[in-house]
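Asks: Handing you this structure, nothing more for now.
Quick note: the coordinates plus some simple rules give every number you see, no bench work behind them. Everything numeric here is computed off the predicted structure, so don't read it as measured data. Backbone-built Cβ (ideal geometry, glycine too); neighbour counts: all protein chains shown.
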Amino acid sequence: MRLPDTEHAAHSWRIHEVVPDFVLEDVWELPAVGGREELPLLVSTMVAGTFPANAPLAVRFLWEFREQLGRLLGWDAPAHGLGAGATSLRERLPADLRGTASEPGRDALFHPLYQLADEWAGEIANRTVHAVMHLGWVAEGGGRFRGRMAVLVRPNGRLGTAYMAAIRPFRLFLVYPALLRGVERDWQAARRGGIHEHGGAPGSTAQHPRT
């Protein structure tokens, strides 16, 4: 379920101090409910999940189209990535957040920035945008916590602004609904212990909507 931006802005997440110049694109409530200590399980579920492989055909087509377009136009070339075209947000992290997240796996889409008991953040950069995916673990009462996902972006010039505007309807009405259904399946499997037979450490693979 999509949430108002205020649900993210009003919370005292540490990400606010790291990316004050990024725009909050959207906030989603995740179909992942668990105990106080289960944020690491949510993180590993998100990065080792089944999306987009198990998504509907239309979503898989859009994902593949974006991959092919990025290769054709060079949007995802190393020259536009972290450490080359964009300075990693790790350079901005306060001292107490540095070294709290694992190193990214070889095929990572989002590179981990930090991880605390109730939040995790990872970044991605390409020719169109520098983006952050933020996962929060929010108390609901009765010892229950629920996951939230926020996407924050800094478009790269006119190209990035136009690109984000063009993909917005597809993200909202096709990609994210499919992603949330996948998260629900993967979370249930993870709590049964199944997903860790196939998954890796946080940051090892990606199952998030590409920006």
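Asks: Sort the following peptides by mean Cβ neighbour count (other Cβ atoms within 10 Å, averaged over residues), highest first: 93-100, 175-182.
Replies: Top to bottom by mean Cβ count within 10 Å: 175-182, 93-100.
Asks: Rounded to the nearest 500, what is the chain's calculated 222 nm mean residue ellipticity when only DSSP H runs of at least 4 contribute -39500 (n - 2.57) each, over all residues?
Replies: Per the formula, -9000 deg cm²/dmol.
Asks: What order, most packed first, do the peptides 114-120, 19-25 have when packing is the mean number of other Cβ atoms within 10 Å of each residue?
Replies: 114-120, 19-25
Asks: Given the convex hull over the Cα atoms of the stretch 34-89, what projected area results after averaging over all orientations, in nm²?
Replies: The Cα convex hull of the stretch 34-89, projected and averaged over all directions, gives 5.9 nm².
Asks: Follow-up. Please give the peptides 66-72, 42-48 ranked by average Cβ packing (other Cβ atoms within 10 Å per residue), highest first, as a rough proxy for protection.
Replies: 42-48, 66-72
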